[in-house]
Amino acid sequence: MTDSASIENSWLEQALTKALTKPLSHLVNLEQPLDFNGYFKAGGYVGATIALKENSPKEVLNIISDAGLKGRGGAGFPTGMKWSCVPALQDSSKVKEHSYLICNGDEMEPGTFKDRYLLEGVPHQLIEAMIIASYTINANKAYIFLRGEYYLAAKRLQQAIDEAYENNWLGENIQGTGFHLDLYLHTSAGRYICGEETALINALEGKRATPRAKPPFPQVSGLFGKPTVVNNVETLCNLPHILKHGSQWFKDLSPNSDPGTKLYAACGQVNNPGVWELPMGVTIRTLLYEHAGGMKDGVNLKGLLPGGASTDFLIEQHLDTPMDFDSISKAGSRLGTGGLIVLGDQHCPVAMVLNLLQFFAQESCGWCTPCRDGTPWVVEILTRLEQGQACSEDLVQLDELCDFMWLGKTHCALAPGAVEPLKSAMRYFKEDFEQHIEQGCCPYKSNNVQHEGTHNGK
């Protein structure tokens with residue numbers, strides 16, 4: 001970390017010119033993120049100052065609700081509506097009942113690395129955001145639940161937390177406002193299921209990371225039985241900028257009904273994998289060809305997962321679909337985390353789906369039968385397909401398993417998410433599945449075509 005005197009002025013000036021159009025990422029510096037003085041000099045903690053000194057908690061809630069901010073963790077639930085369920089914001093007689101705030105930084109969805117970009121590149125932004133959110137929901141203790149493998153993010157976050165305490169932005173009587181907040185960094189022991197908010201809460205309490213039955217919802221009874229709000233990293237990081245520039249500014253960032261910007265990512269068979277902050281609703285075509293550099297040489301697009309590994313495949317006919325919650329849903333998939341996983345025509349879709357299902361089978365918490373037994377069963381059938389040992393009845397069995405593991409038949413959404421890429425692959429790439437049976441081997445291997453799945457790591 002450096003002090004403010006050593007900040008490159010040219011870089012800072014360039015970053016500040018992007019502040020109004022790329023609020024989340026304009027100060028990101030992955031090589032050496034801004035320390036407290038640098039972040040403060042660049043306009044940091046102004047949003048928190050406005051919240052704590054100029055607005056009541058309900059007024060902050062109204063600002064966020066009016067802005068129309070939706071959760072960026074995958075579900076797209078309105079943030080203001082989620083917060084409004086906290087008893088302290090519903091009943092003035094319960095204002096003295098303190099809540100908890102948890103930032104979900106687990107980010108174990110394959111093909112997703114947007115939160116890591118923010119955590120490593122501008123950690124003070126998240127701390128400022130958590131101050132605003134905690135003040136709004138009457139929380140005096142907040143936690144960052146971080147994926148255990150994010151070592152660099154943990155180091156930088158802890159240093160930023162320490163600096164915030166030193167400068168009276170955490171602890172007692174923050175900036176003389178009478179508001180108190182302690183912020184703790186908790187590095188997870190692992191498991192994909194911890195990304196589900198109630199499983200995360202169980203893990204934070206030291207219990208097995210198993211999703212809880214809902215209701216009650218965490219906003220009413222969450223961590224240690226107290227009202228609890230769990231928000232994604234990217235969701236929270238919008239707060240300082242909404243407070244600083246206003247709700248209408250946030251709405252104007254996007255040309256469609258979903259306001260604000262979004263961190264979109266792309267990986268797989270593209271020339272320029274990465275993450276970009278763009279207006280909510282940019283088309284898949286623009287993201288894939290203008291930002292991700294298009295397909296690799298000699299490779300044509302076969303299909304893509306638009307929002308991480310647990311979303312349905314879309315194909316070329318969907319390229320002009322806006323990347324917003326409603327449009328992607330109408331196209332037959334989910335926006336999810338906004339991370340494209342791109343499949344080329346030189347790669348086997350069966351192998352890719354097998355790779356993903358192996359991940360989900362390993363990460364199942366094992367609580368319910370459809371997920372515990374269904375995901376390994378799917379892996380077994382797909383493995384036989386790849387080895388040329390399957391028959392046509394196996395495809396019928398896969399269809400039945402997809403129904404067996406669908407929404408409403410499992411304890412949580414892990415199994416339905418796991419079969420989304422499988423269901424859509426069997427719909428769009430049915431010939432590939434059939435050729436594995438007819439030829440008695442993977443046709444991509446027999447034709448000397450590249451054969452690989454999607455890597456589970458980050």
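The values are calculated or read from the model by the stated rules, or taken from the named source; none is laboratory data. Treat the numbers as computed from the prediction; the structure is a model and nothing was measured. So basically every Cβ, Gly included, is an ideal-geometry build from the backbone, and we count neighbours across all protein chains shown.
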Among what's in the range 374-417 and is hydroxyl-bearing (Ser, Thr, Tyr) and closer than 16 Å to Met352 by Cα, pick the residue that is farthest from the chain's Cα centre (by Cα).
Thr383
Where in the range 324-408 are there helices (runs of 4 or more DSSP H), lying fully within it, with 3 or more residues that are under 22 Å from Ile437 (Cα atoms) and of a type outside the set (A, V, I, L, M, F, W, C)?
349-363, 369-386, 392-404
Inside the range 133-157, the number of residues satisfying the requirement of being assigned to a helix (DSSP H, G or I), surrounded by fewer than 16 Cβ atoms within 10 Å (Cβ to Cβ) and in contact (Cβ under 8 Å) with a residue 24 or more places away in the chain is 1
From the residues in the range 286-309 that are surrounded by fewer than 20 Cβ atoms within 10 Å (Cβ to Cβ) and in a loop (DSSP other than H, G, I, E, B), which one is farthest from the chain's Cα centre (by Cα)?
Gly298
Take the range 179-196 and flag every residue that is outside any strand (DSSP E or B) and at pLDDT 95 or above.
Phe179, His180
Given the conditions (1) touching a residue at least 60 places away in the same chain (Cβ under 8 Å); (2) outside any helix (DSSP H, G or I); (3) more than 23 Å from Lys82 (Cβ to Cβ), every one holds for Asn168 apart from (1)
Of the conditions (1) out of contact with any Lys or Arg (no Cβ under 9 Å at 6 or more places or on another chain); (2) over 22 Å from Ile161 (Cβ atoms), the single one that Ala67 does not satisfy is (1)
Kindly establish whether Ser329 is within 21 Å of Pro78 (Cα to Cα) and free of Cβ contacts under 8 Å to residues at least 24 places away in the same chain.
yes
At pLDDT below 85, of a type in the set (S, T, N, Q) and in a loop (DSSP other than H, G, I, E, B): does that describe Thr2?
yes
Unique residue being of a type in the set (Ser, Thr, Tyr) and more than 21 Å from the chain's Cα centre (by Cα) when the list is Tyr165, Tyr151, Tyr184:
Tyr165
